[in-house]
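The values are calculated or read from the model by the stated rules, or taken from the named source; none is laboratory data. On a predicted model such as this, the values are computed, not experimentally measured, just so you know. For neighbour counting, all protein chains shown are included, and Cβ atoms are generated from backbone atoms with ideal geometry for every residue, glycine included.
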Amino acid sequence: MFVPKYTITNSILRNIGVIDASREVILNAPLIPAWEAKFRKEAIERTVHHGTHLEGNNLTDEEVKDVLDGKEILARDRDVQEVINYRNVLKFIESIASQLQESKAYSFTLDTLLEIHKIATERILPGQSSGKFRLNQVVIKNAQTGQISYMPPPAAEAPFLIEDLINWINDEETKDLHPVIKAGIIHYEISRIHPFLDGNGRSGRAAATLIMFLDGYDIRKFFSLEEYFDENPMDYYLTLQSVSNQLVLDTHERDLTPWLDYFVKGVAIELNRVKEKVKRVSTDARIKNRLGAQVELNERQMLIIEYLHRHGSMQNRDFRKIFPDYSDDTVLREMRFLKKKGLLKKVGGTKKAKYVLA
């Protein structure tokens, strides 16, 4: 049976602490519904953009947003299809998470992984390869030198190695493992085994995200693992390969510690980033307690609150920076609404007046 080898270092322990602290803040933040929907939408956009860009997709973040919004763009068909597919993978993951909330009875299975791959590679790979194990040996090459940087296990071994991994996932002892550590191990193993002809990275990251969801670490679906990886893709691939290329007699003897150190740090950075954003733009507990209820704001009102959180104050001359397409009268109307609700106040005389959070 698969038994991963790794050490819980001080760095991993420290970052797990950051992750759990950030998770608590995010889960307990009194976000208004409009902000929650906005954060989830942004997390999907970031996940899809960075998750596909990491593997060579050429679409910009704005083009990805347009595709997800159903708009037509001038781009390579494959790039557009990859974006649509990865969004559908996230929908599939969310449906499983919802199923778990209702029945509390869902196990990660081989069919789960194959379905993730099938969705991720629809119209990208031929039908006989989508959602199916590879039948041939593949190699990972350095894009610049053309040299082989990693050779995955033979195709005949892939199904058995994946089955071994899934048995480990569902083992009783594994249930006590921290969800982020478990997700990192699953991500690494799927990348190492490389069970598919293409789409292994997307499938591995999606499987890792799903495992976090199943273990109660969906974190309001505000986070994107992919953004951290895509910020420096060379580090991502080199860290994976440095573990996979360790000279050991048995593959189970590979030390996953360097990869887990990198992976856990990435989750900590991402969740801390989300936590700070939530704290900045949330109608926080003080405001909620003062008003007695949450206030539902429109998009312009949310942008004003966000600007004030970021810059501390705002004057009439700043209106153009935030709302170049709206008149000053429209913005002033939104400011009066926020002032009436007790969310901001006006300070100073007419000419030098500025607005600050109440």
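Data overview
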quantity: Filter pass, Ala206 being in contact with a Lys or Arg (Cβ under 7 Å, 6 or more places away or on another chain), farther than 22 Å from Asp20 by Cβ, assigned by TED's automatic domain parsing to the domain that holds Glu94 and aliphatic (A, V, I, L, M); calculated: no
quantity: Qualifying residue in segment 69-76 (condition: assigned to a helix (DSSP H, G or I) and either touching a His at 6+ places or on another chain (Cβ under 7 Å) or not basic (Lys, Arg) (or both)); calculated: no
quantity: Matching entry among Val278, Val331 (being at pLDDT 80 or above, surrounded by 17 or more Cβ atoms within 10 Å (Cβ to Cβ), under 20 Å from Val25 (Cβ atoms) and among the β-branched types (Val, Ile, Thr)); calculated: Val278
quantity: First in segment 220-245 and assigned by TED's automatic domain parsing to the domain that holds Glu42, second anywhere and among the β-branched types (Val, Ile, Thr) and modelled with pLDDT under 95, Cβ under 7 Å, 6 or more apart; calculated: Arg220/Ile26; Phe222/Ile26; Phe222/Val274; Phe223/Val274
quantity: Flag for Ile186 being in a helix (DSSP H, G or I), of a type in the set (Val, Ile, Thr) and crowded, with 23+ Cβ neighbours inside 10 Å; calculated: yes
quantity: Those residues of segment 305-330 which are hydrophobic (A, V, I, L, M, F, W, C) and closer than 17 Å to Val347 by Cα, in sequence order; calculated: Ile305, Leu308, Met314, Phe319
quantity: Lys41 being more than 16 Å from Glu270 (Cβ to Cβ), in a helix (DSSP H, G or I) and modelled with pLDDT under 95; calculated: yes
quantity: Subset of segment 222-273 [surrounded by fewer than 17 Cβ atoms within 10 Å (Cβ to Cβ) and among the small types (Gly, Ala, Ser)]; calculated: Ser242
quantity: Residue in segment 118-141 that is in contact (Cβ under 8 Å) with a residue 24 or more places away in the chain, in the same structural domain as Gly204 (by TED's automatic domain parsing), part of a helix (DSSP H, G or I) and out of contact with any Cys (no Cβ under 7 Å at 6 or more places or on another chain) present; calculated: yes
quantity: Selected residue (criterion: modelled with the highest pLDDT) from residues of segment 98-117 that are assigned to a loop (DSSP other than H, G, I, E, B) and of a type outside the set (Val, Ile, Thr); calculated: Phe108
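Here is a yes/no grid of residues against (1) among the basic types (Lys, Arg); (2) farther than 18 Å from Tyr217 by Cα; (3) exposed (fewer than 15 other Cβ atoms within 10 Å of the Cβ); (4) in contact (Cβ under 8 Å) with a residue 60 or more places away in the chain:
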position	(1), (2), (3), (4)
Thr7	no, yes, yes, yes
Trp35	no, yes, no, yes
Arg40	yes, no, yes, yes
Leu59	no, yes, no, no
Val67	no, yes, no, no
Glu72	no, yes, yes, no
